[in-house]
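As structure tokens, the structure follows; a few thoughts come after it.
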Amino acid sequence: MINSPIHNAASGRFKPWRMLLWLLLAQIMVAFIGRSLGPLGVLIEEDLYLTKAQVGLLPSALFLGQALVSIPTGFFVDRFGSRPLLVVLASALGISFLLMTFQSTFVLMLLLVMIGGIGYGGMHPTSNRGIVYWFPKNKRGAAMGIKQMGITFGSALSAILLLPLAETYGWRTAVLLASLGLIATGFLAFFLYRDPDNEKPSKNQKISVRSTLSATLKMVKNKPLLLISLSAMGINGAQMCLNTYLVLFTYEQIGIDLVFAGFLFVVSEVGGSFGRIGWGIISDRVFGGERLKVMTIIVMITFFASIVVAFLPAGTPFELMVPLFLLFGFSVSGFNGIWMNLASELVSKEEAGLSSGFSITLGSLGVILIPPLFGVIVDHSGYTFGWLLISFLMIVVFLLIRYLNKIR
């Protein structure tokens, strides 16, 4: 057995990246299930005879669960660490979506999706805390980007694997098998991930409703954190509109084959995966950790991309849409790592889980409210005005970020 100082130093140097691997794996599988509502939405719509607004309610229910649980999860992860919550949250999402496959009543499906959102949403502050404690600030942007890439990568995998499987065997079979895989992954991460030895959470601190409310109120009074969370609300809503309606839009409006529509979804999520890593590296190395400058660039790209998509005519060549949706995803689906870093770095390390949870709760409101609104607009006025809604949101977010820059 090798136990030399050199070996121990090398092992210690690479240990954060090994821990990142297990956080990434958990994040990928959580997104693989939770974000499958986007690519599978067209099949669920046909199975249950849903309107576009009802399709938009599916991700809204998921993120309602996220909004309800993010602050409590952040509070618990700051006290008990990431490791025990990895298996609890993965099981919550996996079991709820497994049960969903046996339902045909839309309201009951929404309820189970919302319960699944508890597992989906709670994973963010849980994994974010691991990043904050395992990595120094000068490496945190890239590490957070890699971890956040798991969301878009898992989402893309759901389109690559689950959509063809669902077309052949039905969406229920596809989701059931994926849910079992998620539960197994949660246990694997629990056995292999470790919280840092020198940063053990305080398990002796008493948890009460009063202490939770007091800590949350402190987050509300943090004006920069509040503003970045409101900005994330708009970008999150835009991101989920792209995820929820891209397949439907290109299949029904542009007129391409469902498989190619699913491929465009994959392209947008691949763009988001590159964005989550790329924007983190850019913020670390080009802007010296100035995340707000990167957020401004992301908002501007999203604004112009949404305008172009709004006026795409029917029959637009597939080859032209590939780079467009790659860029769209690179911006709107690639911002999350920057957002999570900002939310974690605006407070002390000991409050990183709670600040992430608070910011995710506010950011989730955009995902709860905006996709159904997008669907209502499409049902009554068409897709053009739906995509222009995203353009308008980016103007609002741009103004919020400008104000945040002034007060920092």
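The values are calculated or read from the model by the stated rules, or taken from the named source; none is laboratory data. Note that the structure is predicted; figures quoted are calculated from it, not measured. Neighbour counts run over all protein chains shown; Cβ positions are idealised from the backbone, glycine included.
In this structure, is Ile256 part of a helix (DSSP H, G or I), among the hydrophobic types (A, V, I, L, M, F, W, C) and modelled with pLDDT of 90 or more? So Ile256 does not fit the description; no.
Taking every residue in the stretch 82-109 that is under 16 Å from Leu40 (Cβ atoms) and pairing it with any residue that is assigned to a loop (DSSP other than H, G, I, E, B), at least 6 positions away or on another chain, the pairs with Cβ-Cβ distances below 6 Å are Met109/Gln103. If you go through the stretch 218-227 and keep only what is over 8 Å from Leu400 (Cα atoms) and either crowded, with 23+ Cβ neighbours inside 10 Å or of a type in the set (A, V, I, L, M, F, W, C) (or both), you end up with Met219, Val220, Leu225, Leu226. Considering Val322, Val294, Val308, Val266, the condition of being surrounded by fewer than 24 Cβ atoms within 10 Å (Cβ to Cβ), of a type in the set (A, V, I, L, M, F, W, C), in a helix (DSSP H, G or I) and modelled with pLDDT under 95 is satisfied by Val266 alone. Scanning the stretch 154-177 for residues that are in contact with a Phe, Trp or Tyr (Cβ under 6 Å, 6 or more places away or on another chain) and either closer than 12 Å to Leu99 by Cα or without any contact (Cβ under 8 Å) to a residue 40 or more places away in the chain (or both) yields a single hit, Val175.
If you go through the stretch 217-253 and pick out every residue that is within 19 Å of Glu345 (Cβ to Cβ), modelled with pLDDT under 90 and not hydrophobic (A, V, I, L, M, F, W, C), you end up with 5.
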